[in-house]
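The structure under discussion appears below in the form of structure tokens.
The values are calculated or read from the model by the stated rules, or taken from the named source; none is laboratory data. Everything numeric here is computed off the predicted structure, so don't read it as measured data. So basically every Cβ, Gly included, is an ideal-geometry build from the backbone, and we count neighbours across all protein chains shown. Note: accessible area is taken over every heavy atom of the protein model, side chains too, but ligands, DNA and RNA are not part of it. Shrake-Rupley method; radii C 1.70, N 1.55, O 1.52, S 1.80 Å.
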Amino acid sequence: MTGSEVPPSFRLAYVPGVTPTKWVRIWNERLPGVPLALVGVPAAEAAALLREEGADAGFVRLPVDRTDLSAIPLYTETTVVVIPKDHAATAVEEMSPDDLADEIVLHPLDDTLGWEAPPGRPAFERPATTADAVELVAAGVGLLVVPQSLARLHHRKDLTYRPLTGVAESRIALAWPQERTTDLVEEFIGIVRGRTVNSTRGRPPTPPQPKGRAKGADGRSGAPGKAAAGKASRSGAGGGGGAKKPKGGGRNAKGGASRGKPRRRP
């Protein structure tokens with residue numbers, strides 16, 4: 001490698017709530033010579049980061065503009081309500097929008113569920129971030145509706161959450177710029193999709209193997225149209241070894257027909 005060459009690397013962006021640990025581990029096992037760098041990015045800025053070549057690929061929240069980005073949907077998250085541990089809703093296993101009708105539900109500016117207004121009563125002011133909204137829930141100001149991964153990310157001992165049914169859900173996808181679908185991007189796509197190290201995706205096809213000798217009618221290998229070795233031909237042509245010597249009505253040693261005594265005419 002000359003001094004002007006740069007060793008290959010791979011930059012992977014991810015939005016809050018996504019844990020890429022498993023895929024990074026597999027990458028390091030398969031491509032130990034190609035370092036992978038993680039780039040954390042707010043959900044609203046992930047698409048722009050990819051377009052500006054700030055990362056080679058990234059885990060984003062859908063929807064994204066697919067005009068110039070490719071995206072593979074991976075999974076859908078459960079939507080939950082973050083509540084104080086002493087809230088009455090802790091007595092139920094899940095909640096519905098009707099359960100929030102009389103509750104103040106915070107709507108942070110970095111909301112990832114894409115709705116115009118969450119269920120419940122709006123707060124006087126929208127928090128700047130999800131982290132700020134979690135602090136307000138802990139202070140008893142209101143409740144918060146988020147994807148489950150964000151509830152886990154901002155976990156506090158004095159808070160818990162319950163699944164919320166019948167509302168929008170967040171979907172996670174792997175995205176990358178269409179014009180920069182490099183070999184390393186293809187490698188990472190294969191890892192995320194669960195392809196094994198021996199997968200033929202992206203690899204040259206195996207060259208055709210030379211054909212073996214054709215099989216005869218008896219199932220044995222041999223040149224087509226030839227009798228098996230050690231057996232006499234039944235066509236009347238000279239056979240191989242093992243053929244019986246001709247008798248009276250057969251052929252003589254020189255290959256001619258044997259002549260008997262001439263018959264008398266009556």
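If the segment from Glu125 to Ala37 were pulled out straight at 0.36 nm per residue, it would be longer than the present Cα-Cα gap by 27.9 nm. With a Förster radius of 25 Å, plug the Cβ-Cβ distance of Leu153 and Arg193 into 1/(1 + (r/R0)^6) and report the FRET value to the nearest 0.05. After rounding, the FRET efficiency stands at 0.50.
For region 97-179, the list of trypsin sites (Lys or Arg not before Pro) that fall in a loop by DSSP and count at most 12 other C-beta atoms within 10 angstrom reads Lys157.
Of Ser170, Ser96, the order by accessible heavy-atom surface (1.4 Å probe, DNA, RNA and ligands excluded), from most exposed downward, is Ser96, Ser170.
When the solvent-accessible area of region 30-90 is split by element, carbon and sulfur atoms take up 53 percent of it, the probe being 1.4 Å. Extending 7 Å from Cα along the Cβ direction at Asp132 and again at Ser96 yields two label points whose distance is 3.4 nm.
Could you order Leu74, Leu113 so the one with the most accessible surface comes first? Probe is 1.4 Å.
Working: Leu74 60, Leu113 15 Å².
Correct descending sequence by accessible area is Leu74, Leu113.
Over region 20-162, Cα pairs under 8 Å with separation of 6+ residues give a relative contact order of 26 percent. Estimated from the Cβ-Cβ distance and a Förster radius of 25 angstrom, the FRET efficiency linking Ala139 and Glu45 is about 0.35.
Find how much the distance from Arg66 to Arg25 grows on full extension, using 0.36 nm per residue of separation minus their present alpha carbon separation; answer in nm with one decimal. Please report the intermediate quantities before stating the final value.
Details: separation 41, 0.36 × 41 = 14.76 nm, distance 2.85 nm.
Between Arg66 and Arg25, full extension yields an extra 11.9 nm.
Think of region 67-189 as a dipole: +1 on every Lys or Arg Cβ, -1 on every Asp or Glu Cβ, centred on the Cα centre; then among Leu100, Leu136, Leu164, Leu136 lies furthest on the positive end.
Taking amide H as placed 1.01 Å from N in the peptide plane, the amide H of Arg66 sits under 5 Å from none that are at least 5 places away or on another chain. Per residue, region 1-149 exposes 54 Å² of solvent-accessible protein surface, assessed with a 1.4 angstrom probe and all protein chains in place.
Across the protein chains, with a 1.4 Å probe defining accessible surface, the residues Asp158, Asp111, Asp183 rank Asp183, Asp158, Asp111 from largest area downward.
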